[in-house]
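Report on the following structure.
The values are calculated or read from the model by the stated rules, or taken from the named source; none is laboratory data. It should be emphasised that the depicted structure is a prediction, and the values quoted were computed from it without experimental measurement. Here Cβ is always computed from backbone atoms with ideal geometry, including for glycine, and neighbour counts include all displayed protein chains. Each accessible area value is taken on the protein alone, full model and side chains, heavy atoms only, with ligands, DNA and RNA left out. Shrake-Rupley method; radii C 1.70, N 1.55, O 1.52, S 1.80 Å.
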Amino acid sequence: MPIVFNKKPGLVAYLTAGDPDLATTREIALAAIDNGADVIELGVPFSDPLADGPVIQRASERAVARGTRLSDVLALAKELRTARPACGLVLFSYLNPVVRMGLKQFCAAAKEAGVDGVLLTDMIVEEAGEYLAEMQANDLAPIFLAAPTSPDKRLKAIGEVSKGFVYAISRVGITGTRDAIASDAPELVERLRAFTKLPIAVGFGISNAAHVKAVGEFADAAIVGSALVALIEKTAPAEAAKAVGEFIAGLQKG
């Protein structure tokens with residue numbers, strides 16, 4: 001089904017699947033949805049998450065150590081789709097686990113799980129032909145990262161093949177919380193508007209209600225990742241879903 005943002009700004013919540021464990025991730029995701037997250041990005045843990053800062057790196061390490069695999073994340077996605085049919089559901093992964101499973105098998109499994117879209121952090125649009133064909137065959141939305149350093153030619157290519165939404169990176173560098181939204185973000189969103197009519201979601205560094213409100217002034221949705229993962233890291237598993245639900249609700253009160 002299409003990815004829909006029910007308000008402006010919409011809210012995308014990133015979770016590292018399997019941290020602290022898969023059952024807790026499920027409860028956390030449900031709490032996030034029930035408190036206003038329009039889209040859940042289920043992060044597939046990977047042993048070498050180069051685009052991520054220390055918080056998500058640690059979460060990935062913990063999940064990998066627990067034995068969390070791509071197949072487990074797909075099974076979790078299917079549970080979430082059954083439990084909350086209307087929520088947007090995106091798999092967020094590095095390319096390696098997908099290649100290991102097999103691109104054709106992965107896309108078929110993602111469709112069967114009820115996933116709406118896929119974001120592969122290190123899949124570049126210039127080399128995405130086979131990937132895009134399999135995504136289209138399985139009615140999945142390919143989501144790409146657009147950076148402030150991307151030339152217009154690249155933004156145009158991303159705009160032409162993306163579905164669901166475009167993920168605008170607010171700044172160059174790795175994931176992680178920041179004190180303020182990068183000044184590059186509004187200009188990047190404005191540039192992207194020339195090449196796509198899709199919603200544009202801004203991520204990297206968004207961690208509080210003021211950030212979400214600021215993003216709503218120029219983009220369609222805010223993506224919150226490291227702040228959520230850090231909250232989960234410091235909260236007892238039994239309390240994590242409640243804490244995340246309250247945090248998500250608070251983000252929308254700016």
What about residue 52, is it open to solvent by 30 Å² or more (accessible area, probe 1.4 Å) and either in contact (Cβ under 8 Å) with a residue 24 or more places away in the chain or in a helix (DSSP H, G or I) (or both)? no
So residue 109 ticks every box in (1) open to solvent by less than 80 Å² (accessible area, probe 1.4 Å); (2) in contact with a strand residue (DSSP E or B) (Cβ under 9 Å, 6 or more places away or on another chain) but one. Which box is left unticked? (2)
Would you mind telling me which numbered condition in (1) surrounded by fewer than 16 Cβ atoms within 10 Å (Cβ to Cβ); (2) assigned to a helix (DSSP H, G or I) residue 135 fails? (1)
Could you check, for region 171-180, whether at least one of its residues is modelled with pLDDT of 95 or more and out of contact with any helix residue (DSSP H, G or I) (no Cβ under 7 Å at 6 or more places or on another chain)? no
All but one of (1) part of a helix (DSSP H, G or I); (2) over 19 Å from the mean Cα position of the chain (by Cα) hold for residue 253, so report the exception by its number. (1)
Out of the residues in region 138-170 meeting the condition of being of a type in the set (D, E, K, R) and either out of contact with any helix residue (DSSP H, G or I) (no Cβ under 9 Å at 6 or more places or on another chain) or not in a loop (DSSP other than H, G, I, E, B) (or both), tell me which one is most open to solvent (accessible area, probe 1.4 Å). 153
Only one of 3, 33, 28, 40 is out of contact with any Ser or Thr (no Cβ under 9 Å at 6 or more places or on another chain) and within 16 Å of residue 235 (Cβ to Cβ), namely 28
Hits in region 22-49 (condition: surrounded by fewer than 16 Cβ atoms within 10 Å (Cβ to Cβ) and either in contact (Cβ under 8 Å) with a residue 40 or more places away in the chain or assigned to a helix (DSSP H, G or I) (or both)): 23, 34, 48
Expected output for region 97-125 (first residue farther than 22 Å from residue 14 by Cβ, partner assigned to a helix (DSSP H, G or I) and modelled with pLDDT of 95 or more, Cβ below 6 Å, 6+ apart or cross-chain) is 103/134; 104/134
Any residue at all in region 60-83 that's touching a residue at least 60 places away in the same chain (Cβ under 8 Å), open to solvent by 10 Å² or more (accessible area, probe 1.4 Å) and either of a type in the set (S, T, N, Q) or on the phi > 0 side of the Ramachandran plot (or both)? no
For the structure I just gave you, tell me whether residue 11 is in a strand (DSSP E or B) and either crowded, with 24+ Cβ neighbours inside 10 Å or touching a residue at least 40 places away in the same chain (Cβ under 8 Å) (or both). yes
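Please find, among 99, 118, the residue that is among the β-branched types (Val, Ile, Thr), open to solvent by less than 10 Å² (accessible area, probe 1.4 Å) and not in a loop (DSSP other than H, G, I, E, B).
Exactly one of 99, 118 is among the β-branched types (Val, Ile, Thr), open to solvent by less than 10 Å² (accessible area, probe 1.4 Å) and not in a loop (DSSP other than H, G, I, E, B), namely 118.
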Residues of region 62-80 being assigned to a loop (DSSP other than H, G, I, E, B) and either out of contact with any Pro (no Cβ under 6 Å at 6 or more places or on another chain) or of a type in the set (Lys, Arg) (or both), in sequence order, are 66, 67, 69
